[in-house]
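Here the structure is laid out as structure tokens; the discussion comes afterwards.
The values are calculated or read from the model by the stated rules, or taken from the named source; none is laboratory data. Since this is a predicted model, take the numbers as computed values, not measurements. Here the Cβ is made from the backbone with ideal geometry for all residues, glycine too, and neighbour counts use every protein chain on show. In case anyone asks, the SASA skips ligands and DNA or RNA and just uses the protein heavy atoms, side chains included. Shrake-Rupley method; radii C 1.70, N 1.55, O 1.52, S 1.80 Å.
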Amino acid sequence: MAKIQKQYDDDDGRTIANMNVEGMPWYDKQMKRESRAQARAELADRVARGDALTTRETLRYGLYAVLAGLTVVGFIAGGVCLIILILYLLWK
């Protein structure tokens, strides 16, 4: 659903002050999005062509996979510890 913008009677569409100022959190956010999208498209093109990843990319994605696995193991271990603690307190 599209967001409907408010219409004002005295609005002529001109910009009074440009709020895209360096140092603000939203500064050049569109440029960052475009560069990330371009990098993803380049990676997808390389994968489609069958080019190998660079060593740095291979290590980075390997690290991401290991961290994802450790996160899952951490949640499972935390749940098991919590269940053991609750059962210990109930049986005490």
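Side notes on the structure shown:
- Extended-chain gain in nm, criterion 0.36 nm per residue less alpha-carbon gap, residue 14 and residue 45: 7.1 nm
- Taking the accessible area of the chain, probe 1.4 Å, and keeping the other protein chains in place, the carbon and sulfur fraction comes to 63%.
- Estimated 222 nm signal from helices in the chain, with DSSP H stretches of n ≥ 4 weighted -39500 (n - 2.57), rounded to 500: -22500 deg cm²/dmol
- DSSP-loop trypsin sites (Lys or Arg not before Pro) across segment 1-65, with at most 10 other Cβ within 10 angstrom: 3, 6, 14
- q = 0.19, 0.24, 0.26 Å⁻¹: log10 I(q)/I(0) that the Debye formula gives for the chain, counting C-alpha atoms only: -1.07, -1.19, -1.21
- Straight-line reach from residue 6: taking Cα to Cα under 30 Å and skipping same-chain neighbours fewer than 8 places apart, the lysines in range are 29, 32.
- Qualifying chymotrypsin sites (Phe, Trp or Tyr not before Pro) in segment 1-78, where qualification requires a DSSP coil assignment and no more than 13 other C-beta atoms within 10 Å, comprise 8, 26, 27.
- Taking all protein chains into account, the per residue accessible area for the chain stands at 100 Å² (1.4 Å probe).
- Nitroxide proxy distance, nm - points 7 Å out along Cα→Cβ at residue 27 and residue 86: 4.9
- Helix 55-91 and the longest principal axis of the C-alpha atoms of the chain enclose an angle of approximately 50°.
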